[in-house]
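What follows is calculated from the coordinates using simple rules that are stated; it is not laboratory data. None of these values were measured; they are calculated from a predicted model. We place every Cβ from the backbone using ideal geometry, glycine too, and count neighbours over all the protein chains shown.
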Amino acid sequence: AQTVTQSQPEMSVQEAETVTLSCTYDTSESDYYLFWYKQPPSRQMILVIRQEAYKQQNATENRFSVNFQKAAKSFSLKISDSQLGDAAMYFCAYRSPLNGGSQGNLIFGKGTKLSVKP
Amino acid sequence: SAVISQKPSRDICQRGTSLTIQCQVDSQVTMMFWYRQQPGQSLTLIATANQGSEATYESGFVIDKFPISRPNLTFSTLTVSNMSPEDSSIYLCSVADSRPETQYFGPGTRLLVL
């Protein structure tokens with residue numbers, strides 16, 4: 001069974017600085033998808049970024065980028081120019097491909113609480 | 001991306017009662033899921049809501065406690081039956097797209113059982 005591990009329960013960053021959140025996972029599959037979700041105090045789960053395992057190029061979305069190391073099964077999230085609105089819980093998640101006949105359910109890590117200091 | 005709404009957004013219920021949560025999507029989606037997030041915890045999948053057939057439940061969750069309906073490709077309900085304080089959680093509806101492969105969440109229903 002697949003597992004997702006986030007080893008940092010809490011992180012803190014100064015506004016305008018850069019922070020990296022760690023995520024590792026375990027799987028025997030070669031094709032899969034990885035996601036980072038943000039959950040602010042409003043509790044809405046917001047998709048931050050996604051990565052396809054078959055792509056070597058790291059995904060980027062504006063100030064958010066990932067460092068995907070498939071062999072090491074590592075998927076870290078880098079937030080550049082941190083803003084106060086980035087303060088939230090961040091969840092790393094794994095999913096098998098939908099077209100592979102899987103149920104497609106997400107497997108989540110326990111989350112990292114990010115604080116942004118003004 | 002799909003726009004997902006849930007009703008109610010929050011509720012306070014008495015022990016032993018039941019609550020039905022609705023999930024509406026603005027487009028047809030193949031896969032819909034229901035997750036539970038207990039206080040301070042990560043998300044746990046309750047079940048996959050299948051259109052036109054019985055839902056597929058994860059280990060630890062049963063149909064008698066969490067009956068699910070999915071009458072069409074844009075709507076689903078989750079009922080939390082015979083509630084106890086341990087059912088106090090946030091319940092989230094989620095939908096999956098295959099092109100591109102991604103997954104979105106509704107705003108959640110915050111449930112408090114007294």
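Assorted remarks:
- Net charge in the neighbourhood of A:Val116 (other residues with Cβ under 10 Å of its Cβ; Lys, Arg +1, Asp, Glu -1) is -2.
- Rg and Dmax [Cα atoms of chain B; Å; Rg one decimal, Dmax integer]: 13.3, 42
- With the simple spin-label model, which puts each label point 7 Å out from Cα in the Cβ direction, the B:Gln38 to A:Glu17 separation comes to 3.5 nm.
- Charge dipole of the protein assembly as shown (Cα centre as origin; +1 on each Lys and Arg Cβ, -1 on each Asp and Glu Cβ, all else neutral): 220 debye, rounded to the nearest 20.
- Cα gyration tensor of the protein assembly as shown - equivalent ellipsoid semi-axes, whole Å, descending: 30, 21, 15
- Pairs over the 28 Å Cα-Cα cut-off, from the set A:Lys110/B:Lys65; A:Lys113/B:Lys65; A:Lys70/B:Lys7; B:Lys7/B:Lys65; A:Lys55/B:Lys7: A:Lys113/B:Lys65; A:Lys70/B:Lys7; A:Lys55/B:Lys7.
- Cysteines without a disulfide-compatible neighbour (Cβ-Cβ under 4.7 Å), the protein assembly as shown: B:Cys13
- Relative contact order computed over the range B:1-113 (Cα-Cα under 8 Å; 6+ residues apart), in percent: 36
- Efficiency of FRET from Cβ geometry, B:Ser9 and B:Thr79, R₀ 25 Å, rounded to 0.05: 0.90
- Computed from backbone phi, the HN-Hα couplings of the range B:9-20 come to 7, 7, 7, 10, 10, 8, 3, x, 8, 10, 9, 9 Hz, rounded to whole numbers (Karplus: 6.51 cos²θ - 1.76 cosθ + 1.60, θ = phi - 60°; Gly and Pro given as x).
- Counting charges near A:Ser7 (Lys, Arg +1; Asp, Glu -1) among other residues having Cβ under 14 Å from its Cβ returns a value of +1.
- Considering only Cα atoms, the convex hull volume of chain A works out to 100 Å³ per residue.
- Modelled label positions at A:Lys55 and B:Val62, each set 7 Å beyond Cα in the direction of Cβ, lie 4.4 nm from each other.
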